[in-house]
Each structure stands twice: as C-alpha cells, then as structure tokens.
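Note sheet for the following structure.
None of the figures in this text is laboratory data; all of them are computed from the coordinates on show. Values in this document were obtained by computation on a predicted structure and should not be read as measured data. In this analysis, Cβ positions are derived from the backbone assuming ideal geometry, glycine residues included, and neighbour counts consider all displayed protein chains.
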There are 2 protein chains.
Amino acid sequence: MVFLRGRLDPKARTEMATHIPEVVILRLPSYLRALTLLEEGNAGVVSSQELGARLQMTPAQIRKDLSYFGKFGKQGKGYNVSQLLGELRQILGLDRDWSVALIGVGRVGKAILDYGDLAPRGFQVVAAFDRDPELIGKVVGGLVIQDIADLAATVKDRGIAIAIIAVPPSQVQQVIDCVVRCGIKAILNYAPVAAQLPKDIRLREIDPVLAMQTMTYYLKTLSSS
Amino acid sequence: MVFLRGRLDPKARTEMATHIPEVVILRLPSYLRALTLLEEGNAGVVSSQELGARLQMTPAQIRKDLSYFGKFGKQGKGYNVSQLLGELRQILGLDRDWSVALIGVGRVGKAILDYGDLAPRGFQVVAAFDRDPELIGKVVGGLVIQDIADLAATVKDRGIAIAIIAVPPSQVQQVIDCVVRCGIKAILNYAPVAAQLPKDIRLREIDPVLAMQTMTYYLKTLSSS
DNA sequence: GTGTGTGAATGTTTTCACAGCG
DNA sequence: CGCTGTGAAAACATTCACACAC
C-alpha cells in the first residue's frame, strides 16, 4: 500500500564516506581549549575522566568522539596532552594560520579589530572592508579600509577563507551574497539577523541577545524564591 | 498540552512536568528573530513552510517545536505573525525586561556597554563591575563602575538575573564562583575559557575563535583553490 | 589496578505521513 | 485544496559495559 518515493538506497548510503557527526566537530574546539590550558599547567597526561570533569561531560563521550579519528590514548594512563593537542589541531585544520576578512568597520567591526585574541589563536584579519566612502582609505588596527568592491580580488590575492560580517542588519543579505560570490565558504556573522545562503557555506552566529534569550526560559520558572 | 495553573505539590508537578527538549528552547529565539523581521515587513501570516525556508530548516521541525507549547496555527492558513511573536515572547519570558550586570570593564566590557542592541531587545545592563581600583568610580556608558565586592548587594537591589563576564581568562573561575554565590543563575561568558559551575546554572559562551574553529574542519577538505 | 576503544543498548531528536480542520 | 498538529517510524547521539593493553 505505502510505497516510498525517491529514497536513497541503503547500499549507496553504506558506501558513503565515513561521515563524522557535526556535533562531534562542534565539540573538538572545546577539547582543544581545555587541553591548551592543561599544557600551560604542564600536565603531561590527562584521562577522559579528568577532561570530562573539566568540561562537564562524560568520559565516554570524549573517548567516543576521539575514536572517530584514531587511537590517541594509552590504556591505564590516558592521553598525552601535547600529542593530543597536535592531533586535534591537525584534524581541525589548525596546524596553519587562516586569513580572515572583516566586512563592516563600524563599532562592532572596530571592536573586533581591537580584540587581540584572534591572531595568537591562528586567525589573521588581513583585510577590512566597508562601503562608506568616509571610511575607505582610513587606517584601523593597522589595516587600510578597502572598498567592498575590491573584495573578490583581495580574497584571491591574500588567500582569504573566512569572512567576519559586522554590518548593519539591513545590509547583511547583500553582503553575504557578495561574500559567497567571492568564493568564501565560511562566515562568522555578528549581525543579529538570519540570512539565506547556499548549503555548502558554513555560517556561525555571534548574537549575545540570542544567547541570553535561550536562558531566560529557565530563569522564568525559578523566579519564586 | 496542559498548562500548569496555580500551586501544585512538588510531586504532582514533577509527574506532570512536560520536559521540553533543550534543543527546542535553543531554537525558539531564532524563530522570534525571524518573526520580528516578518512583522516589520508587515507579513500577517506565515506558514511553517515559509518560516522554514527562511531559517533553513524543515517545516515539520518548526511545527513540532511549536506543538510542545500549544496550537498556535490555523489549518490551511499558517501562523498569525504577531500572535505567534507574543506567544514566543511569553514562553521565553521575554514579555518583560531583564536586568544584567557586566563584570569586567576592559576592552571587551566597554564594547559591550557601547553596543546598542541589548536594551532595545529587552536586556538592560544596569550595573558594571571591575576589581581594578583605577576603574572603580569612573563612568562608562552611563554607569558608575563598582567594586566587585558590591555585587551581592546590587544583585539584590536591582533584581539582576544575568551576568555578562568579560574579565581576563585567569580571573574567570573566581568571578564565576562569586557571581554564583550572589544568586545569579544565568551567565554569558566572553572569556575564552571553560569554567566549573553548578549544574543548575545556565552558561552560554561567546568565543569567536571557537566558532571559527568549528568551521575550519570543513574548509580543510575543500582547499583546492 | 587503571583507563582506553568500541560494539551494543539506550535515549533523544528529527522526519514522515496523514487525519482533520478552515 | 492547503496547512496544522501529531502519533509512529527512522535517524541520530549518548551511554553502558567490558575486553584488552599498560
């Protein structure tokens, strides 16, 4: 009676490359961050137990996550901190620097240029763009602000792979379209609006209000104390 | 769906409580944001289809998410935009303003005070704290910077429910301990470090580097440019 | 003993597919 | 018809539990 339309046949599905769950990729950077701290504290080895305690997650989850990529631990001992750090950096493609373009040099954009944590952690902001003629040509944070029309050429020249968007909400969609046309495949969006984009482009959002709005639901209930 | 009214003994409450998956709560604010945009564009109604297209998610997921809280749509028509907005605001506890304390008034802290998007969206930064005697007493963004020792009293006085933390990494753990002791149950952490905290405290992180590190994994593979 | 790596079991989330309403 | 609301099914993610290595 019920027949299925257009499903992927089971065999083709099985033959597909080992797909690593996105949730796992999302967690790896926190492992990296925790391990960096451990290394600074001169910890030589760490168990999934200990790492789990620091990150408030189960040891099993950490072991399972890592097992997608290889066997990095030693039984009875744990993981060598600096070796695991190296492995994770390589897995995440962080054994190199990445060039980043900043689009939008208003208040938020300037704060991002000022923020000194990007470069030491491997993300170099190598170009800044705006569409305001008043700003173009000015120097901010050691960068000459360029016309957004130059984006395509600069992306090619400087090997830019990631764009940070910090323009007003009303301009976000057109800027994203432009950035995507220039071949950028990863976007960090500071503007508090959703945008349309091809599914092969990665997007992450930084919106403090959104983050707080996910917490108020839980605050609501405990307000009777 | 039965809404709880009036007082219930803890047992009945526990047995009745419909536990709503956290992923659902995490998505509601994006619905809110999309609907706000639709309302500004004078859209009267929206279908799960249309909303899904804007947010790049399936209509079924949106319908299912909303169904945890009630029946807000009309068959054959869709959802009334402003009515659904109202419902979501109420669900998330956003039918009121929230008072926020900023801890740490360095570069990042100042940028947060400057950022004009918090207040219009319902989050009032009503107090700022630092431990640096040079800063205490100075005025930034209309707020007199207070000694962090005054936090407990101010939290009580001003009904502060959320803390934004923007202190250097090395101070994060002690500041979080302090904030928790003061009765704060929700924290937005801008410092790029993990911290220990009781499981009944909500924490969200803003770390642009972490966000970018979750994308480089995917960039790695397509680097044939 | 201690702690990894991993199939198998369990739990959770998403998607399907359709009854029923406007 | 078109679209919601929703049980049921499928897909996905986490946790368990134990063989095995140090």
Where does the protein assembly as shown land on the Kirkwood hydrodynamic radius, alpha-carbon pairs, in angstrom? 24.3
In percent, what relative contact order does chain B have, based on Cα pairs under 8 Å that are 6 or more apart in sequence? 13
Amide proton proximity set for residue A:45, modelled H, under 5 Å, gap of 5+: A:81
How much length would be gained if the chain were fully extended between residue A:20 and residue A:170, taking 0.36 nm per residue of separation minus their Cα-Cα distance, in nm to one decimal? 50.4 nm
Residue among A:196, A:180, A:218 farthest towards the positive dipole end of the stretch A:120-225, charges placed on Cβ: A:218
Taking each label point as 7 Å beyond Cα in the direction of the beta carbon, state the distances from residue A:60 to the same residue in the other copies, shortest first, in nm. 2.8
Sum -39500 (n - 2.57) across every DSSP H segment of at least 4 residues in chain A, then divide by the residue count to get the 222 nm mean residue ellipticity, nearest 500. -12500 deg cm²/dmol
May I have the extent of the alpha carbons of chain A along their three principal axes, as whole Å values ordered from largest to smallest? 65, 63, 54
Can you give me the Cα centroid spacing of the stretch B:114-192 and the stretch A:52-129 in angstrom? 28
For chain B, give me the percentage of DSSP beta bridges that are antiparallel, rounded to the nearest 5 percent. 20
Antiparallel DSSP beta bridges within the protein assembly as shown, as percent of all bridges there, nearest 5: 20
Given the Cα-Cα distance of residue B:199 and residue B:107 and 0.36 nm per residue of separation, how much length would full extension add, in nm? 30.1 nm
Can you give me the long-range amide H partners of residue B:205? Hydrogens built in the peptide plane at 1.01 Å from N, cutoff under 5 Å, separation of 5 or more residues or another chain. B:189
Largest first, please: the extent of the C-alpha atoms of the stretch A:22-92 along each principal axis, to the nearest Å. 31, 22, 22
First measure r as the distance between the Cβ atoms of residue B:181 and residue A:131, then evaluate 1/(1 + (r/R0)^6) with R0 = 60 Å and state the FRET efficiency to the nearest 0.05. 0.80
Apply the a/c threshold of 1.5 to the C-alpha gyration tensor of the stretch B:98-208 and tell me whether it is rounded, prolate or oblate. rounded
Please compute the modelled spin-label separation between residue B:156 and residue A:96, points set 7 Å along Cα→Cβ, answer in nm with one decimal. 5.8
In a Gaussian network model of chain B with springs linking alpha carbons closer than 10 Å, the residue among B:23, B:144, B:81 that fluctuates most is B:23
